[in-house]
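Student: Dropping the structure in here first, questions after.
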Amino acid sequence: MNNIKLNKFQYHPFHLVENSPWPILVSFSLLSLTTGAVMYLQGYPNGGLLLTLGLILTASGMGLWFRDVITEGTYEGHHTKQVQKGLIIGIVLFIISEVFAFFSVFWAFFHSSLSPAIEIGGVWPPLGITPLDPFSIPLLNTFLLLSSGAFVTYGHHALIAGDRKGAIFGTLITIILAIVFTVLQYIEYSEAGFTIADSVFGTVFFASTGLHGLHVIVGTIFITVGFIRILNYHLTDTHHIGHESGILYWHFVDVVWLFLFIAVYYWGGN
């Protein structure tokens, strides 16, 4: 029989998911998160509380949802090659949506910097703003992030080659470099001579670098989950779609940072 028999009643390679409470939980959590963010930024009472609650519920719902997906693929064997293709398409479409999110931020940056308004002195950076030195922490962070991309690629190739020690080493170094990057970003923010409220320069600077920093944190969690799964023997040379998705996401983060460093830090700060 040429058909793929997955269980007593299924003769196709697709996964028909069971009913789950997590999608509806995450949707309402995201509604609370965005509503709370707007209320907090506008100074409404309890906006910070709603924002915190939405963040906790969103993170919890996504964690439980992803836990079920891991169980489906690792222990129940539902992630056939056909299912893995669908998951890859899903992560690619997700990254494309992230590209357009950053595109909107870069659009705001270049709109303001290429034709500075008279309200900010007709120059860029605006009068009274002292930009950060691109050859200090930003350059170091560039080296760290590009190095992390090289190490995660090394770990990926080691995993495919069946080199468990190499996969663990490459992934662990990636996580360490990502954490150092985030710490340095925090130090940079602490020492900055301007805030997000200081003209359009401060707004687009913190909006662009902050959005990227958020992606670094998410990517670090992504890679860390893959690292834990490697330690627990969840992944094989042909079955590591979740970890591979995290690696694709991390390379996207690397590329965006290069654009940020060149445009916002180097060109935009001179």
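Student: Counting just the residues of segment 214-270 that are over 18 Å from PHE169 (Cα atoms) and not in a helix (DSSP H, G or I), which one comes out nearest to the chain's Cα centre (by Cα)?
Tutor: HIS239
Student: Oh, and also: Please state which one of THR174, THR195 is in contact with a Ser or Thr (Cβ under 9 Å, 6 or more places away or on another chain) and polar (S, T, N, Q).
Tutor: Sole residue among the options that is in contact with a Ser or Thr (Cβ under 9 Å, 6 or more places away or on another chain) and polar (S, T, N, Q): THR174.
Student: Can you pull out every residue in segment 19-59 that is under 30 Å from LYS85 (Cβ atoms) and either touching a helix residue (DSSP H, G or I) at 6+ places or on another chain (Cβ under 9 Å) or part of a helix (DSSP H, G or I) (or both)?
Tutor: Of everything in segment 19-59, those that are under 30 Å from LYS85 (Cβ atoms) and either touching a helix residue (DSSP H, G or I) at 6+ places or on another chain (Cβ under 9 Å) or part of a helix (DSSP H, G or I) (or both) turn out to be SER20, PRO21, TRP22, PRO23, ILE24, LEU25, VAL26, SER27, SER29, LEU30, THR58, ALA59.
Student: Picking from GLU72, GLU76, GLU98, which residue would you name as being under 19 Å from the mean Cα position of the chain (by Cα) and acidic (Asp, Glu)?
Tutor: Just a single option satisfies the conditions, and that option is GLU98.
Student: Of all residues in segment 89-122, how many are hydroxyl-bearing (Ser, Thr, Tyr) and in contact with a helix residue (DSSP H, G or I) (Cβ under 9 Å, 6 or more places away or on another chain)?
Tutor: 2
Yes or no, residue by residue, for (1) farther than 25 Å from VAL123 by Cα; (2) loosely packed, with under 14 Cβ neighbours inside 10 Å:
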position: LEU184; (1), (2): yes, no
position: ILE187; (1), (2): yes, yes
position: THR195; (1), (2): no, yes
position: ASP198; (1), (2): no, no
position: PHE201; (1), (2): no, no
position: HIS215; (1), (2): yes, no
position: GLY219; (1), (2): yes, no
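Student: A further question follows. Only one of (1) closer than 26 Å to PHE109 by Cβ; (2) modelled with pLDDT of 95 or more is not met by ASP198, so which one is it?
Tutor: The number of the failed condition is (2).
Student: Would you check if THR203 is of a type outside the set (Asp, Glu) and either within 22 Å of ILE118 (Cα to Cα) or without any contact (Cβ under 8 Å) to a residue 40 or more places away in the chain (or both)?
Tutor: So THR203 fits the description; yes.
Student: Quick one: what pairs do we get from segment 71-98, first residue more than 25 Å from ASN232 (Cβ to Cβ), second surrounded by 14 or more Cβ atoms within 10 Å (Cβ to Cβ) and modelled with pLDDT under 85, C-beta under 8 Å, 6+ apart or different chains?
Tutor: Pairs found: GLN82/PRO13.
Student: Could you list, in sequence order, all residues of segment 109-136 that are buried (at least 17 other Cβ atoms within 10 Å of the Cβ) and not in a loop (DSSP other than H, G, I, E, B)?
Tutor: PHE109, SER112, SER113, ILE120
Student: Oh, and also: Anything in segment 60-97 that is not in a helix (DSSP H, G or I) and not acidic (Asp, Glu)? List them, or say none.
Tutor: Listed by number, the residues that qualify are TYR75, GLY77, HIS78, HIS79, THR80.
Student: Still on this model: Return the residues of segment 156-170 that are without any contact (Cβ under 8 Å) to a residue 60 or more places away in the chain and crowded, with 19+ Cβ neighbours inside 10 Å; say none if nothing qualifies.
Tutor: Matches in segment 156-170: ALA158, GLY170.
The values are calculated or read from the model by the stated rules, or taken from the named source; none is laboratory data. Just so it is clear, the structure is predicted and the values come from calculations on it, not from any experiment. Note: ideal-geometry Cβ built from the backbone for every residue, glycine included; neighbour counts use all protein chains shown.
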